[in-house]
Amino acid sequence: IVVAASYQHNGVGGMLWGAVQAQSHKMVWRAKAENPIIDFYKKHSEGVLSFPDSPYHFFYYGLHTTEFPEAITYALGKKPTLK
């Protein structure tokens, strides 16, 4: 979720995130360690996985541990959406 700078820090991101979570009972996403909203992701996930050979942290909610391998593979297969 990307929020224009003029709308940041007023709850828009949280509202959008709530709408996404209301539609998705399971989710995985990735973010690089230097992502400026990594703390937001930590706050809004059930957990985070990281691996020494990956530039990404993998956040999730609603997943059982048996689903982690497939979820990580899925997330790694996605092209970067922001550059």
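Using only side-chain charges placed at the Cβ, +1 for Lys and Arg and -1 for Asp and Glu, the dipole size of the chain relative to its Cα centre rounds to 240 debye. In the chain, helical runs assigned H by DSSP with n ≥ 4 each contribute -39500 (n - 2.57); averaged across all residues and rounded to the nearest 500, the mean residue ellipticity at 222 nm is -9000 deg cm²/dmol.
Probing with 1.4 Å while keeping every protein chain in the model, the per residue accessible area of the chain equals 74 Å². Positive end of the dipole of region 22-68 (Cβ unit charges, origin at the Cα centre): among Pro36, Tyr60, Ala22, the Cα lying farthest that way belongs to Ala22. Using a probe of 1.4 Å on the protein chains alone, the accessible area found for Phe51 is around 90 Å².
Mind running the shape call on region 35-83? Use the C-alpha gyration tensor, a ≥ b ≥ c as the square roots of the eigenvalues: rounded below 1.5 for a/c, prolate if a/b tops b/c, oblate otherwise. It comes out oblate by the Cα gyration axes.
The relative contact order of the chain, computed from alpha carbon pairs under 8 Å that lie at least 6 residues apart in sequence, is 27 percent.
Give the separation of the Cα centroids, region 23-61 to region 1-16, in Å. The two parts, judged by their Cα centres, are 18 Å apart. For the Cα trace of region 1-47, dividing Rg by the Kirkwood Rh returns an Rg/Rh value of 0.95.
A 1.4 Å probe, protein heavy atoms only, puts the accessible area of Leu76 near 90 Å².
The values are calculated or read from the model by the stated rules, or taken from the named source; none is laboratory data. These figures come from a predicted structure and were not determined experimentally. So basically every Cβ, Gly included, is an ideal-geometry build from the backbone, and we count neighbours across all protein chains shown. For the accessible areas, the whole protein counts, side chains as well, though only heavy atoms, and no ligand, DNA or RNA atoms are used. Shrake-Rupley method; radii C 1.70, N 1.55, O 1.52, S 1.80 Å.
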